[in-house]
Structure formats: C-alpha cells, structure tokens
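The block underneath contains the structure these notes are about, expressed in structure tokens.
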Amino acid sequence: MMNRILAGITAAVLAGAAPLSAHATDLVIYHTWSAPPEVAALNVLKKNLEAKGDSWTDIAIPHDTGSNVNLMNLVAGGNPPNLFMESNPGVYRDLTKAGLGRPLTDFFKEHGYPDKYPDAVAHSMVVDDQVMKVPTALHIDGMVYYNMDVAKKVGIDPTAWKSLDEMFADFDKIKAAGVIPLAVGGQQWQVGYLTHALAAAIGGPDFFNKIYGEKPDPAVFDTPEFRQVFDYLRKFQQAADEGSANREWNLTTNLVITGKALMQIHGDWMKGEWLAAGKTAGKDFGCIQIPGAKAVAASVDSWGLLGGQPADKDKAELDFASIVVDPNVQAEFAKAKGSTPVRLDAPQDSLDACSKEVLRIVADPKHQVQNPHAISDADWENSIWDVAFNFWSDPEMSVDDAIAKIKENYKTILG
C-alpha cells in the first residue's frame, strides 16, 4: 500500500512538472505547507530558483492532513526528494547513516554563519557539530496576537498584563462586552505547541530543556512548575469557545481578525493571515509574548539537502540554499509568509512591528529555547502531545493523572 501511495505521489508531481530547458536541473522539493501565506512564500523561492534555470517539482503533504507519508517513507521507497522541509535532528542522523546526509558547514562559512543569524537560528542549524539545515523562517511559538480595535472596544490593554493570571482575570470583562476572550484551535498539534510554549513561559530555559532537551531529566516531573503547565493548560481549555474542537489554526485566527475574539496565542505564523486580510501590524493588530514569560520557544523552519548526488544536482541544491538565505529573498519571503527573516542583515525597511518585536525578544540568548522538533526525541515529544491532548479533551482527567502518564511514557521510551 505504501509503495502505491508513493508511486501515486511521484506520478502526480512529475505529470505536473513544467517542460525543462536543455540545461535545467529538476529538483524535487518536499514540504508540509498548504495555507495561502505559506504557499505564497514558497512561490518566492520557486520564482528565484527558476530564474537560475532550474525547475521545481513539488511533493506537498500538509502536516495537518493526518497522512502517515513522511520524508523517511519517501527515502525508503526509493523516491527521496532533493530538498526537504525538516527540523528533527534524528532525521538528519538517519540520512547521514544512509549515506544521504549533506553537511553545509563549508557552504555557510561563505553565507554569514553564525554572525548574521539570531542565536536561536544559529543553534537550530547544527546537528552533531555540523551545519545541516538551511533556515528559512523564524517564528515564536507562543505569541499573543490581538485585535487592537477590539481591545479598545472592551477597554483592555494586553500590553499591561504582567502574568497569565492578570490575563485570565480580564476574561469576564471581555465576555461581558460580547467578545470571545481567547480563540483556540483544539487540534492535537495546536495543543502540543501551546503546551511547550507554556513550559518555556512558566519555567524558563533550564526547566524547558529538562523536559524537551536531548536528555530529559525525570526529576522535572515532580516540580511545581511542571504542575503549573497543566494547571494553565486546563484554564486555556476551559476558556476555549464551543467551536474550538478540531478547528484549524487559520480559521481560529480569522475569529480575531473579524473581531469575534480578542486574541489568539499560537505560533506567530498567524501574522500571514492578518497580512493577507490587508491588516497592518501595530495599527490593526498587536503582538506580545505570553505575559510574564521567562522564555519563548523559537521555531526555525528549515530545509535539508540530499547528499550523495551527481555534481549537477548538488550544485542546484546549493543554488537553492543560497536563494533561501539571501537577505533580500529573506525579506520578500518573510513578508509573504508572515515570518521574521532568519538573517539579521535582511533589509530593515521590510520589518513590520511584529518582526521587530520578535527580533527584540530573541536578541537575548537566555530568553529563548528551541522548538522541541529541533532537539527532542520524536517519540518522546509525540508522547507529550498525546498526554496533553488527552488531558485537554477529557475535563475529568486530573493534573496528577497527566503527570503519572508522562512518567510512565518516560520509562517506556527513554528510561
């Protein structure tokens, strides 16, 4: 069955490929994006790649479809893409073991590494002392995006909140004005992202890395901060509106854009939806980190290159990498996607108020952690998602129940 799926994917993308020029190199590119701002950003890269005389053949398997086809399935099926969107370090290790890794340390010496990249970005690029990833977008996973007109209408200033408790204390006032205080999408991955964003905000870097780092410390499960993560997760679940179950993140964002809700706490890729709606950061919508946050979780969307390729393919892959990290392309890409450029020398006039705020936050290396996708054992991270989502979905599940299940999973997976 899997081979038939892979064959169908390959046939579909090849059937749709444009005719190649005599000297063009065709690159098969695997990604997981599907939202309109994401596709617009990909088209920026595609346009610039084709300008170099190469061609782009798409394999798109959106992350929220539930499909079990992933990068390593394509590799195992004999159809590995030349370029792939991937942050998990384990995948790069597996590819290296298979003779398909493509180290980029020498390449990036000519492309400003590490001085031209924020600390969160520079660290995310490295796997086992080699630069392996090409960063394409910087996001903060737990940003508060709020509708400024609605905030004025209900008499609330989100920038005044100094803690989550202060934020929740205003919810009755917001409801009384006929507005949903907090728009939440109740899908498993969204709950998982909220969980690790809360872990960073509540406990800070050392606490976060004891949960999600390369070598988790089970003693962290008995700390007050770990209990607080689930206490606050329950408060978020209880604050969710009736339509939140299984709602996609961008539809949730639309509730805030249209004034039905005051705010959303999610990855700041939601900015792409605001921009697509013709809204302006700092005028129509505001953006702050989680109130009282001790740290933020930074997501760095990254590309990997397939190693062991003929010289023409390798050159074309490096052409793609050079396009991705070009400062001017970064500016255009970030504007389309709603991300923050991964290079510090991207044109400053391209930065809106929210990107400036992201760069201000990540300027402090002690106030940031990496997204678990970039550092955690995949099975361990998935197990935390499972527990968090089960806790979210079952109001009768206690914090003690959730912690006990996580301890059990730790022994099974890592103990």
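The values are calculated or read from the model by the stated rules, or taken from the named source; none is laboratory data. The structure presented is a predicted model; accordingly, all values stated were derived computationally and were not measured. Methodologically, a virtual Cβ is constructed for each residue, glycine included, from the backbone with ideal geometry; neighbour enumeration extends over all protein chains shown. We work out accessible area using only protein heavy atoms, side chains counted, and drop any ligands, DNA or RNA first. Shrake-Rupley method; radii C 1.70, N 1.55, O 1.52, S 1.80 Å.
Using a 1.4 angstrom probe and counting only protein chains, how large is the accessible area of GLU214 in Å², to 10?
Number for this one is 140 Å².
Structure shown: which of LYS271/LYS335; LYS210/LYS337; LYS153/LYS356 lie over 21 Å apart, alpha-carbon to alpha-carbon?
LYS210/LYS337; LYS153/LYS356
Note down the magnitude of the dipole of the stretch 294-404 about its Cα centre, charges +1 on Lys and Arg C-beta and -1 on Asp and Glu C-beta and zero elsewhere, to the nearest 20 debye.
Dipole size: approximately 580 debye.
Arrange the residues TYR117, TYR410 by how much accessible surface each exposes, largest first, with a 1.4 angstrom probe.
From most accessible down to least: TYR410, TYR117.
Given ILE384, ASN254, MET397, which one lies farthest toward the positive end of the charge dipole of the chain, if we put +1 on the Cβ of every Lys and Arg and -1 on the Cβ of every Asp and Glu?
Checked the options; the winner is ASN254.
Between the stretch 324-345 and the stretch 68-103, what's the alpha-carbon centroid distance in Å?
Centre-to-centre distance over Cα atoms comes out at 25 Å.
For the stretch 47-172, compute Rg over Rh where Rg is the Cα radius of gyration and Rh is the Kirkwood radius from the inverse mean 1/r over Cα pairs.
1.12
Could you run the Debye sum over the Cα atoms of the stretch 271-415, one equal point scatterer each and no solvent, and tell me log10 of I(q)/I(0) at q = 0.12, 0.16 Å⁻¹, two decimals?
Computed log10 I(q)/I(0) values: -0.77, -1.06.
Return one number: the angle in degrees, 0 to 90 and rounded to the nearest 10, between the long axis of the Cα atoms of helix 327-337 and the longest principal axis of the Cα atoms of the chain.
Value to nearest ten degrees: 50.
Can you work out the FRET efficiency for the pair GLU214 and ALA277, with r the C-beta to C-beta distance and R0 = 35 Å, to the nearest 0.05? Don't jump to the answer; show the numbers that get you there.
Numbers: r = 40 Å, r/R0 = 1.14.
E(calc), rounded to 0.05, equals 0.30.
Taking Cα pairs under 8 Å and at least six residues apart, what relative contact order does the chain come out at, in percent?
Working: 698 pairs, mean separation 108.3, N = 415.
Relative contact order of the chain: 26 percent.
Kindly sort ARG227, ARG360 by accessible area of their heavy atoms, largest first, with the probe set to 1.4 Å.
Ranked from most to least accessible, the order is ARG360, ARG227.
Sorting ASP268, ASP165 by accessible area (1.4 Å probe), largest first, what list results?
ASP165, ASP268
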